[in-house]
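Q: Attaching a single structure in structure tokens format; questions to follow.
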Amino acid sequence: QVQLVESGGGLVQPGGSLRLSCAASGSIFSIHTMGWYRQAPGKERELVALITSVGITNYAESAKGRFTISRDGAKNTIYLQMNSLKVEDTAVYYCKLSRAGAAYWGQGTQVTVSS
């Protein structure tokens, strides 16, 4: 079993920044992929960014140039640095870990971008 705990969400003005964290514990395995997804009201959950256990990253087009995903392997933690936030970035952000055919989700953290 894997447990994921997200933190760092909140209210920010357009153009501002936030940093999300996701700490993983349990049977993580050495080979895995972790990522951030988001779900806005009335919309489907969508990928924001992924990072593999060897540091390969992938971003949604909407995140490129503004968001940066990173990881601290020693802490089994990933981060999402979000800059130049827009109103349309408002959503619940979820952390996901995928390994060995199984996937685990965190409880989500709300990010609200509003003036």
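Q: All but one of (1) buried (at least 16 other Cβ atoms within 10 Å of the Cβ); (2) under 21 Å from S114 (Cβ atoms); (3) of a type in the set (S, T, Y) hold for Y79; state the number of the condition that does not hold.
A: It fails just one condition, (2).
Q: List pairs: first residue in segment 26-44 and in contact (Cβ under 8 Å) with a residue 60 or more places away in the chain, second residue surrounded by fewer than 16 Cβ atoms within 10 Å (Cβ to Cβ) and β-branched (V, I, T) anywhere in the structure, Cβ distance under 6 angstrom, at least six positions apart or on different chains.
A: Taking only residues 6 or more apart or on different chains, the pairs are T33/T52.
Q: Another one. As an exercise: evaluate S27 against (1) farther than 24 Å from K86 by Cβ; (2) buried (at least 16 other Cβ atoms within 10 Å of the Cβ) and give the number of the one condition it does not meet.
A: Checking S27 against (1) farther than 24 Å from K86 by Cβ; (2) buried (at least 16 other Cβ atoms within 10 Å of the Cβ), the one that fails is (2).
Q: I need the full set of residues from segment 62-76 which are under 11 Å from the mean Cα position of the chain (by Cα) and surrounded by fewer than 18 Cβ atoms within 10 Å (Cβ to Cβ), in order please.
A: Answer for segment 62-76, where residues must be under 11 Å from the mean Cα position of the chain (by Cα) and surrounded by fewer than 18 Cβ atoms within 10 Å (Cβ to Cβ): T68, S70.
Q: Sticking with this structure for a sec: Would you point out which residue out of R45, R38, R19 is open to solvent by less than 30 Å² (accessible area, probe 1.4 Å), within 15 Å of V111 (Cα to Cα) and either of a type in the set (K, R) or modelled with pLDDT under 95 (or both)?
A: Testing whether each residue is open to solvent by less than 30 Å² (accessible area, probe 1.4 Å), within 15 Å of V111 (Cα to Cα) and either of a type in the set (K, R) or modelled with pLDDT under 95 (or both) leaves just R38.
Q: Here's something else I'd like to know. Which of (1) touching a residue at least 24 places away in the same chain (Cβ under 8 Å); (2) surrounded by fewer than 19 Cβ atoms within 10 Å (Cβ to Cβ); (3) farther than 17 Å from I31 by Cα; (4) more than 13 Å from the chain's Cα centre (by Cα) is the odd one out, the single condition V113 does not satisfy?
A: It fails just one condition, (2).
Q: Oh, and also: State whether the residues of segment 45-59 include one that is touching a residue at least 40 places away in the same chain (Cβ under 8 Å) and farther than 17 Å from R19 by Cβ.
A: Yes, that holds for at least one residue.
The values are calculated or read from the model by the stated rules, or taken from the named source; none is laboratory data. Bear in mind the structure is a predicted one, so any value in this text is a computation, not a measurement. A quick note on method: Cβ atoms are made from the backbone with ideal geometry, for glycine too, and the neighbour counts reach across all protein chains shown. In case anyone asks, the SASA skips ligands and DNA or RNA and just uses the protein heavy atoms, side chains included. Shrake-Rupley method; radii C 1.70, N 1.55, O 1.52, S 1.80 Å.
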